[in-house]
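Colleague: Below: one structure in structure tokens.
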Amino acid sequence: VAEMAKHLVVKLVRGTAGKKKIQLATLKTLNLTKSGRQVVVPNTPGVRGKLEQVSHLISIKTLEAYNQEVAEQREKLKTREPLVVKHNT
């Protein structure tokens, strides 16, 4: 049996304009008040129920997958050898 992740990274990817009050309240309890905001939440049945209510507005990743993705991005952005151009003078 695969072990479940202890924490989830949740990102609000859609705006909240025109959404139902119950969905806005759920997002507020998750501290997702602005589009693009990310939070780390525990992977419990109660939190998963809240995430299911607003699943069409958010993206969910495990904390491990998120950390791996961030590490890959940092690797890409590492400083490279400076480009040296020699001109014939």
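The values are calculated or read from the model by the stated rules, or taken from the named source; none is laboratory data. This is a predicted model, so every value here is computed, not measured. Heads up, the Cβs are rebuilt from the backbone with ideal geometry, glycines too, and the neighbour counts pull from every protein chain shown. Note: areas computed on protein heavy atoms with side chains; ligands, DNA, RNA excluded. Shrake-Rupley method; radii C 1.70, N 1.55, O 1.52, S 1.80 Å.
Colleague: Can you tell which of Leu83, Leu63 is exposed (fewer than 15 other Cβ atoms within 10 Å of the Cβ) and at pLDDT below 95? I'd like the intermediate steps shown before the answer.
Modeller: Numbers: Leu63 fails: exposed (fewer than 15 other Cβ atoms within 10 Å of the Cβ).
Unique residue meeting the criteria: Leu83.
Colleague: Still on this model: Within segment 12-37, how many residues are open to solvent by 90 Å² or more (accessible area, probe 1.4 Å) and in a helix (DSSP H, G or I)?
Modeller: Selection size over segment 12-37: 4.
Colleague: Take the residues of segment 49-60 that are open to solvent by less than 100 Å² (accessible area, probe 1.4 Å) and without any contact (Cβ under 8 Å) to a residue 12 or more places away in the chain: which is nearest to Ala17 (Cα to Cα)? Walk me through it before giving the result.
Modeller: Step one: list which residues in segment 49-60 are open to solvent by less than 100 Å² (accessible area, probe 1.4 Å), which gives 49-51, 53-60.
From what is left, the residues that are without any contact (Cβ under 8 Å) to a residue 12 or more places away in the chain are 49, 55.
Values: Gly49: 22, Ser55: 16 Å.
Ranking the candidates gives Ser55 first.
Colleague: So which of Val40, Val47 is within 18 Å of the chain's Cα centre (by Cα), assigned to a helix (DSSP H, G or I) and of a type in the set (A, V, I, L, M, F, W, C)? Can you show your working first?
Modeller: Details: Val40 fails: assigned to a helix (DSSP H, G or I).
Exactly one of Val40, Val47 is within 18 Å of the chain's Cα centre (by Cα), assigned to a helix (DSSP H, G or I) and of a type in the set (A, V, I, L, M, F, W, C), namely Val47.
Colleague: Mind checking which residues of segment 61-89 are in contact (Cβ under 8 Å) with a residue 24 or more places away in the chain and among the polar types (S, T, N, Q)?
Modeller: Of everything in segment 61-89, just one residue is in contact (Cβ under 8 Å) with a residue 24 or more places away in the chain and among the polar types (S, T, N, Q), namely Thr62.
Colleague: Looking at segment 41-60 only, could you name the residues that are basic (Lys, Arg) and in contact with a Leu (Cβ under 7 Å, 6 or more places away or on another chain)?
Modeller: Pass one, segment 41-60, residues basic (Lys, Arg): 48, 50.
Residue satisfying the conditions is Lys50 alone.
Colleague: Could I ask something else about it? Could you tell me whether Val9 is in contact with a His (Cβ under 7 Å, 6 or more places away or on another chain) and not in a loop (DSSP other than H, G, I, E, B)?
Modeller: On the way: in contact with a His (Cβ under 7 Å, 6 or more places away or on another chain): no; not in a loop (DSSP other than H, G, I, E, B): yes.
So Val9 does not fit the description; no.
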